[in-house]
Structure formats: structure tokens, C-alpha cells
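Have a look at the structure below before the remarks.
The values are calculated or read from the model by the stated rules, or taken from the named source; none is laboratory data. Keep in mind the model is a prediction, meaning the values are calculated, not measured. All Cβ positions, glycine included, derive from the backbone under ideal geometry; neighbour counts span all protein chains shown. Please note that ligands, DNA and RNA were not included when accessible areas were found on the heavy atoms of the full protein model with its side chains. Shrake-Rupley method; radii C 1.70, N 1.55, O 1.52, S 1.80 Å.
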Amino acid sequence: MDRWLQLILLMPENEFITYKELAEALGVSTRTIYDDILQLNRMMQPHGAQLDTRPYHGVKLTVTDRSRFLGFLDALEADGTLRGETTESRINKIIRTLLQADAAVKSDDISDMLHVSRSTLKKDLRAVRRFLRRYDLQLSHQPYAGLRITGTEKNIRRCMAKLERNMIATDGDFLSEDIQRMAALLQEIFRQHAYRMAAYSFQSFVLHVYVSIRRIRRGREIAWECLREGPADTQVCRLAKDVSTALSKAYGVRFTKSEYQYILLHLECKKIISWKQVSLATAESCALVRQMLQSVEDVFCYDFSHDFELIASLSTHLIPMRIRLLYDMPLDNPMMQEIRETEPLAYEMANVACGVLQSKYEREIPADETGYIALYFHVALERSRKQRRKNVLIVCGTGKSAAALLAYQIKDTYGKHLNVIGMYESAEFIDADARAADYVLSTIPIKKELPVPVIELGHGFPWNKDKDIQVHLKREQQKLLLGYFSKALFLPHMSAGDKEDALRQMCQKTAAHEAIPDDFYAHVLQRERIGGTALGNGVATPHPDRPLGARSLVVIGILDEPIPWDQEDVQIIFLLSMKVGGDRNLPLFYKMISRFLTNKAVVRRLIKQQTFEHMISIFSALSDDACAID
């Protein structure tokens, strides 16, 4: 959306807003806002509205003829008369200008092109550098010459393809005739070779080809040394040859050996291999999957070693992923943020599993690639959840036959949710081992301390009402979740220089109140080295690299100012420690965290009101939703 249009929409009617507030909302200087308002006012006055300014108060929007004003806005948005730009669009424009230039570009020329002040440009250039770092590119300044972007041709093309995709997302530019014709040409060749590529990957491939042709025409060919030796899959080699020949004929460009290799690598690292084609997986990828699943079991106590579909899916996924890692051609993941926020446990498992790949290939695993691995773990967790019912023990105070009858009634009414693994008369239950159960359902009070929750049903329990036991189970699960938190381990208004400092403070606080190993902090840092634990929206969920201690707990730290964490800013930290032997309620805890992550208003409320009572009230409501039994 254009900056000037955004500025109008930010204006409250008949109420003043300050220049500073507008500048912060749009990421520009107050001077820029002042200039924009002068120009906007001249444009708006003939169309039923004006901007009224007052010293020390700011500016407000006054509409005198609403129908004319709304028509004016519609016309402006439709024909593009408004030329103000957002920070994001300016950053994209700066990068495009520098990448397309044959020489350095002066800062003043860029400021004039964007109609922004030097101070606004200076802030934009900081964002430009952050963007370029993702592609191993640098923004350099040459005295008396200006700015230019430096890096390998392969990385420049990756960056340019991303910028093209950004334009597609905002302007629908993928529908341009040039790109449509190219897409149709490639789809026909793929059909002839029975080659499959996901829709999103296909768009990405078309954009890379589109960028490559433009760069070849300018004499900017990719260097062979950037590609190394390519894969030797004969089917994909034939496809790459046909694609190169067809593109050369259609667009009048010559594909050198290195350009052919570039096409080949894209085809090899984007192909779809179904988990049903697991026979294509190499012994190396199968062995890596076993190590990945073992690492997940070591940290989370989840045994996926018998989930054939997960093993097959990961084994086949690693075939093209290996190419992407070795040749630094990561695959963008459009669902990345959604995966982290809505499936945090699956993402955490994927992070740990990808630590094995990081060690194997000696390369950092991009977050987008971790997100794809997380999808497989999410499906496996859902499959496990639907297959596994809660294990319960039945205890009855009126004899063995009454316990058997009670067990039958529970199976008949609640078989969808509960699996009866034992039934006892009260006297027999004294020596019973309850560790295999999730709950004990008893008609009498049980004074013996048990490792699992006890739900007292009473003799007059109304068995014919389907929701009664669900209410009991939900209530017990909520108690367990909220039992993770304690006031002693709630740390508001923290101040820390970096994440290591924050974690050190939190581990020291934990050691003062809980029986944890002396090397607890070292285990937390080891987990951070495996993969990032920031989940977005200013929240991180660090934890040790394996279960420690006798009970599961959560330490909550809230910082007054955010700190850098895995290339993100974090202000709320949930330090989770899972007890030795695992914790059956871990999925529910992460489900509750997901509800928190995806509610920005709740996150802001907790930062603003940092009290234990307020935190508990928030998570009581979130646990009520997370514990709903389907």
C-alpha cells in the first residue's frame, strides 16, 4: 500500500494524532510526514476533506463531503496517483536499483528517487543490509562513487528472485505475459518428462529462470566454481538439457556449461519424491533419519522409531534437501511463520532433528528448511494423538465385580477417549503400579500418593451423560498445565544484554528453588547451539538438550526491553525443563503456548502488566482452550 494512502488511513477523524506517532507507524522521519501532509492537503481539499494541523497537538482529518472523499480515495488507489511508499517497498526499490546498476549509485540520487530525507534513507539502508545478509551479500560504500551490492552471481540471483516474488505477492506480477509464457513452456517440458514439482517451488523455479535470462543478456553469467560438481541423475540431466535448449531457442540466449548446471541443480533440488518411493532413498539418508529420530527421542522422550510413514517421508525428503544444503540453494517456505506459531512442538522437534544434519553436512540449516521438516513431525504427532487414547486404571470400593461393571460402562460410553488397562477393588489397588496410566478413575478417595492424577467419580456418577468424564479430564489436564508455573520462577522486569545473559539469570533462579543438575545452564546452551528456539512474536522457548530433574517446570522471564535472539527480537522467555523419563502433557503445553504466540494482543498485555496473577489468568484461559477434548 502506498505511504500516502497509509497516512490517510492512519488519520483519526476529528481527533488529533502527532507527527511522531505517524512517523513511527510508517517508519519515516517526522520531517517526511510534515512534507507529505502539505502535499496531501493540497490534493484533498477539492475533494471533500482536509488535514487540519495545530501546534503541540498534531494533525486530524476533517471530512466535509464523505461521498466525494471516498470516491477520491478509490480513484487514487485504482490509478496509482498516490506515490508515497512504505518502508518495505522502499527497501525493495533500493536493492533493485543497486543490483541493476552497472556502477555504484550515490546516496543523494537514491534519496531523490525515493523522495525521502537523508535520515530516512540512512534507516532504510540498515534494513537493506539486514535483508542482504540473508543472501550472503554486502552493501559497500565507495568514497566519491556511492553504494553498490557485492557478492556471488548465484546469491545475487537468489536475492533478485526473492524481490520478484515480493512483487508477485503485492502486485500479482506473476500474471504478466512474459512470465506466463515461460511458465507454460516449462510446464509442457515437465509433462513430457513426467517430472513433478510443487506449485510454490515451480513459481520459484520460473522466477529464477526469468532472472537468469535477464542476467545472461547483461553478460552476468554464473561462475562454475560457485556450483561445484552437480548430481548425476540421468533423468534430471535429460530434463535440464531440454529446458536449456527450449529456453535458448525461445529467448535467444546461450546457456553455457555453468548455466546448464545451474538449471540442473534447481531441478534436482526442487523435485518431489513421494514417501511411497522410499526405495529411492539412499542408505545414507535412511541412517540420518534414524539419527534424527533418536535425537528427538533423547530430548523429548518421543519414540518415532516405529512410524514407518514418518521415516519414509523424511528419507525421501532428504534426497533433494541434501542437494540444497551442499550447493547453498535453500527452498523458501511460505508457511514458515505459521508453522512456528501454530505447531511449536513440531518445530522444536524439527530443530533438534536438523542438528544431526548440521553436524553431517557442516552447514547451518536454514529456518525455512527446518519448517518443512516440522510439517512431517506435525503429521506424525497428529497421527499419534488420534491413535492413542488415555490409559486409565479403575478403582472401585464395592468389590471386583463392581469394578468390572464400571470398566465396561466406561469402555462403552468413553471408548473413543479412554483405554482401560486395569481394574481393581480398593484393597487390591494398594500394591498396584500406576505408572503406565494417564489417570486413575476411582469411586472412593485414594490417600496413597500416586505418580498420576486421580479423578474421584463417586458412587452416583451419571454414566449416561457423555460430557461428564470429559469435563473431569479437561479439568485435570488444566491443573497439570498450570502446575508447571510457580510464583518463585516468575521473573518480571528482567534486564539482559543478550540471550546468554538472560538464560544465565533464569538458570540461577531455577537452581535456587529447584533440584536441578549443576550443569543445567550448560545443557540449555547446548540446545541453543543445535538450533534456534525463538518462535516469533517476541517469544522464545529454550530448554535443556535432554530431560533433567524430577519434575517438569517452566521459568518465565519477561524483559523490559527486547534482546536479539536467533536474528529476532525476544521479550518473553519460557524456559521449559522436562522431567527425566518424559512428560505426556508436553503436546498440551506447546498447544497452550501456540495459543499464546498467535495472539499478539495477549503478548502485549503480559509485557505491559508483568505480574504472576495476570500471567496465570491469561494461561488459565488459554489452557481451557488447549485442553478441549475432541
For the range 361-379, the count of residues that are open to solvent by less than 10 Å² (accessible area, probe 1.4 Å) and without any contact (Cβ under 8 Å) to a residue 40 or more places away in the chain equals 2
Inside the range 328-349, the number of residues satisfying the requirement of being touching a His at 6+ places or on another chain (Cβ under 6 Å) and either of a type in the set (D, E, K, R) or open to solvent by 20 Å² or more (accessible area, probe 1.4 Å) (or both) is 1
Please count how many residues of the range 485-520 are over 15 Å from ILE556 (Cα atoms) and either among the β-branched types (Val, Ile, Thr) or surrounded by 18 or more Cβ atoms within 10 Å (Cβ to Cβ) (or both).
2
Give me the pairs, please: first residue somewhere in the range 538-549 and closer than 12 Å to GLU348 by Cα and among the small types (Gly, Ala, Ser), second residue anywhere and open to solvent by 10 Å² or more (accessible area, probe 1.4 Å) and not in a loop (DSSP other than H, G, I, E, B), beta-carbon distance under 8 Å, and either six or more positions apart or on two chains.
ALA540/LYS499
State whether the residues of the range 24-42 include one that is modelled with pLDDT of 80 or more, over 34 Å from the mean Cα position of the chain (by Cα), among the acidic types (Asp, Glu) and not in a helix (DSSP H, G or I).
no
Of the residues in the range 425-437, how many are among the charged types (D, E, K, R) and surrounded by 15 or more Cβ atoms within 10 Å (Cβ to Cβ)?
1
Please go through the range 145-196 and give me each residue that is at pLDDT 90 or above, of a type in the set (D, E, K, R) and in a helix (DSSP H, G or I), ordered by number.
GLU153, LYS154, ARG157, ARG158, GLU188, ARG191
List the pairs whose first member sits in the range 325-341 and is touching a residue at least 12 places away in the same chain (Cβ under 8 Å) and under 26 Å from LEU265 (Cβ atoms), whose second member is in a loop (DSSP other than H, G, I, E, B) and hydrophobic (A, V, I, L, M, F, W, C), and whose Cβ atoms are under 8 Å apart, counting only residues at least 6 apart or on separate chains?
LEU325/ILE365; TYR327/LEU227
Does the range 402-424 contain at least one residue that is farther than 22 Å from TYR302 by Cα, open to solvent by 40 Å² or more (accessible area, probe 1.4 Å) and in a strand (DSSP E or B)?
yes
Anything in the range 541-564 that is under 19 Å from the mean Cα position of the chain (by Cα) and either modelled with pLDDT under 90 or open to solvent by 50 Å² or more (accessible area, probe 1.4 Å) (or both)? List them, or say none.
PRO562, PRO564
Scan the range 290-319 and report the pairs whose first residue is over 29 Å from ALA198 (Cα atoms) and modelled with pLDDT of 90 or more and whose second residue is of a type in the set (Gly, Ala, Ser) and open to solvent by 30 Å² or more (accessible area, probe 1.4 Å), with Cβ atoms within less than 9 Å and a gap of 6+ or a chain change.
GLN294/SER305; GLU297/SER305
Test GLU528 against the criterion of being out of contact with any Asp or Glu (no Cβ under 8 Å at 6 or more places or on another chain), open to solvent by 30 Å² or more (accessible area, probe 1.4 Å) and either of a type in the set (D, E, K, R) or farther than 19 Å from ILE616 by Cα (or both), and give yes or no.
no
Just wondering, is there one or more residues in the range 551-558 that are part of a helix (DSSP H, G or I) and of a type in the set (A, V, I, L, M)?
no
Can you spot a residue in the range 312-330 that is among the small types (Gly, Ala, Ser) and outside any helix (DSSP H, G or I)?
no
Selection from the range 572-603 of residues that are open to solvent by 30 Å² or more (accessible area, probe 1.4 Å) and outside any helix (DSSP H, G or I)
LYS579, VAL580, GLY581, ARG584, THR598, ASN599
Since GLN358 meets every condition but one in (1) over 24 Å from ASN155 (Cα atoms); (2) at pLDDT 90 or above; (3) open to solvent by 20 Å² or more (accessible area, probe 1.4 Å), which condition does it not meet?
(1)
